[in-house]
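One structure is given below, encoded as C-alpha cells.
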Amino acid sequence: MRGDLADIRLADRVFAPHYAVAMPCVVTRDAALEGSPGGERLALLGVGDRFELLELAGDHGWGIASAQGLVGYLDRTALELA
C-alpha cells in the first residue's frame, strides 16, 4: 500500500483514501521493478512473470510482482493485460 492507494484486498486491514482492484498483467520483456520511478531496483522481472497492476501513472505502472511478493513501479510498456 501507499499513503494514497491500497489494494482492495487490504480494505479490512488498512485505511487508505482510495482502493484499487488489481488488473492481472503479464511481463512481456525483462524490466526492473523499482521502489519509485527511476529509483532503486527491487527485482528484475522476466518475460511471463505476473504483475498485479493497481495504477498507471505516466510511463510506469504501480502494483505487485506476484511471485516476488514485492510492490513497486514497472515500465508500462513491459506489461500486457492477462
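What the table shows:
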read-out	value
ASP30 being surrounded by fewer than 14 Cβ atoms within 10 Å (Cβ to Cβ) and at pLDDT 95 or above	yes
Inter-residue pairs, beta-carbon under 9 Å, first of a type in the set (Phe, Trp, Tyr) and in region 58-82, second outside any strand (DSSP E or B), 6+ apart	TRP62/ARG2; TRP62/LEU5; TRP62/PRO37; TYR73/GLY35; TYR73/SER36; TYR73/PRO37; TYR73/GLY38; TYR73/GLY39
LEU42 vs. criteria surrounded by 11 or more Cβ atoms within 10 Å (Cβ to Cβ) and of a type in the set (A, V, I, L, M)	yes
Residue tally, condition small (Gly, Ala, Ser) and at pLDDT 95 or above, over region 40-82	8
Cβ-Cβ under 7 Å pairs, at least 6 apart or on other chains, region 5-27 side among the hydroxyl-bearing types (Ser, Thr, Tyr), far side surrounded by fewer than 14 Cβ atoms within 10 Å (Cβ to Cβ)	TYR19/ILE8; TYR19/ALA11
Residue check for GLY63: surrounded by 11 or more Cβ atoms within 10 Å (Cβ to Cβ), farther than 17 Å from GLU80 by Cα and of a type in the set (Gly, Ala, Ser)	no
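The values are calculated or read from the model by the stated rules, or taken from the named source; none is laboratory data. Every value quoted in this text rests on a predicted model; they were computed, and no experiment measured them. Because the Cβ atoms are built from the backbone with ideal geometry, glycine has one as well, and the counts that use them run over all protein chains shown.
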